[in-house]
Each structure stands twice: as structure tokens, then as C-alpha cells.
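Undergrad: One structure coming up, written as C-alpha cells, with questions to follow.
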Amino acid sequence: ILSAALAALLLVGALAGCSDKPADPTPAGTPAADDIAYQTAGITRDTVMFTADGADLVADEYLYWLLNAIAQAKSSGYLADDTAWEEEIDGKPTADYLKETALESAKLYAVAESKVNEAGLTLSGEDENSIQTQMDSMAASLEMYYGVTLQEYLDQQCISRAAYEKMAYELPLLVTDLQEQYVEAGEFTPTDEDMQAMIDKEGIYSCKHI
């Protein structure tokens, strides 16, 4: 509940100016009765927060990255108590830093998904089976070592199972396939013009002794 409250607090004005498409202030659906995070935030999973490279990114995914940013800040020694919100991280107000960190992660995955879709890549049956096997293994480990169900864990992360599978497993697999396509097409092989442009931009450095 605390994590959801923090997420709700940070959502206020979090994405102003990120896209020409503002968030819908009146989501079409109603959060599920047992969805504490979304009851607290007052938005539905499919509320569009912004667009990146033509792809819509919804609350289901943005909140996940926001809580991820909060968790990373805590692990680095920040957010020890409520007064920590008045402090700064890397010279920025804590709330702004966390929102920007979450936004960059969300944008990265949104753009990756857009590029994968442009290439028409899809998961194979073998990939889908592998993902389900890994999710089942994860569920068993959570119950064995932490005494929580997979659904309880996902609720803590403010994300649906479908969105978690997409970001944790599906997109990484598809991006790997996209990378292989680029390699085969020579997209990553620099031309002489590319090398000269880099030299002109970066300059040439030499070292006589190390």
C-alpha cells in the first residue's frame, strides 16, 4: 500500500510535456476490487501515460518502472524516511529524479517494442513455452523462499502478469532477434564514411606511455 501511495504521489505531473498526447483524466475502466495499487492511484492499467516513437505506454508499465526506481534509490541508501523526499539525488529533487529515471526506462522499452513491431517479429512457440516455464519456476521459488504467490509479487510491483511477461521475457527475446537481423543486414558494420565522420566529430587521440 505504501509503494502504491508513493507511486500515486509521483504520478502527479510526472509526464507533462512528454508527448503531444496527454493522459486521459477519466479512464474508461474501473480498477479491480482487489487491485490495491490502482485503487490508490485512481487510474486503470490501460490508461495511456505517453507515447514514444509512436508506441503508447500505459500505466501498467510506467508504474512498474517508477517503483523500480524507488527500490533502486532505497538500495543506494536514499529514501530512509519521509523527510528524504526533501533531499536531492544527483543534484535533482528526489521526486523529479525518480520520475525521470522511470520515464527513461519506460521510453526505452516503448521504443524497443515499436522497432520490434516495425520488423514484424513475433515469438516462436518454443519461446512462448520457455516463458511460461520460467514464470512457473518463478512462482514456485517465490512461494518456497518468500511465502508469497506470483500474483502477490506482481501486485507489489504494480504490474499485470501480461505486462511483466512482455518486459521481462518477450521484449528481450524479440530485441535479440532484431539485433540478429541488423547484424545480418550489415547495419552494425561501419563504412569508411562512418569511421571518418566519427574521427571528425571525436578527434584522434594517441598515447605514448601507459
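The values are calculated or read from the model by the stated rules, or taken from the named source; none is laboratory data. Everything quoted here is computed from the prediction, not taken from an experiment. Virtual Cβ from ideal backbone geometry, glycine too; neighbours counted across all protein chains shown. Please note that ligands, DNA and RNA were not included when accessible areas were found on the heavy atoms of the full protein model with its side chains. Shrake-Rupley method; radii C 1.70, N 1.55, O 1.52, S 1.80 Å.
Undergrad: Could you give each residue of segment 185-192 its phi-based ³J(HN,Hα) in whole Hz, using Karplus coefficients 6.51, -1.76, 1.60 with θ = phi - 60°, and x for Gly or Pro?
TA: 7, x, 5, 9, 8, x, 8, 4
Undergrad: Counting other C-beta atoms within 10 Å, and keeping those with at most 10, which DSSP coil GluC sites (Glu not before Pro) do you find in segment 137-198?
TA: Sparse-neighbourhood loop GluC sites (Glu not before Pro): GLU187.
Undergrad: Let me ask you something else. Counting only residues 5 or more places away or on other chains, whose amide H sits under 5 Å from the amide H of PHE50 once H atoms are built in the peptide plane?
TA: Residues meeting the criterion, in which the H sits 1.01 Å from N, are LEU57.
Undergrad: Rounded to whole Hz and in sequence order, give me ³J(HN,Hα) for segment 140-156 from the Karplus expression 6.51 cos²θ - 1.76 cosθ + 1.60, θ = phi - 60°, writing x for Gly and Pro.
TA: Result, rounded to whole Hz: 5, 5, 4, 6, 6, 9, 10, x, 10, 7, 4, 5, 5, 5, 5, 4, 5.
Undergrad: Tell me which residues come under 5 Å, amide H to amide H, from ILE89 once H is placed; ignore anything under 5 positions away on its chain.
TA: HN-HN under 5 Å from ILE89: THR94.
Undergrad: Please give the per residue accessible area of segment 72-210, computed with a probe of 1.4 Å over protein heavy atoms only, in Å².
TA: On a per-residue basis, 69 Å².
Undergrad: While we're looking at this one, here's another question. What's the Cα-based Rg to Rh of segment 78-194, Rh via Kirkwood?
TA: Taking Rg over the Kirkwood Rh, I get 1.10.
Undergrad: Tell me, what HN-Hα J-couplings in whole Hz come from the Karplus equation 6.51 cos²θ - 1.76 cosθ + 1.60 at θ = phi - 60° for each residue of segment 163-170, using x for Gly and Pro?
TA: 5, 5, 4, 5, 7, 7, 10, 5
Undergrad: Using only protein heavy atoms and a 1.4 Å probe, report how much of MET198 is accessible, in Å² to the nearest 10.
TA: 100 Å²
Undergrad: Check each of the GluC sites (Glu not before Pro) in segment 52-102 and keep only those in coil by DSSP with at most 16 other C-beta atoms within 10 angstrom; list them in order.
TA: Loop-located and lightly packed - GLU87.
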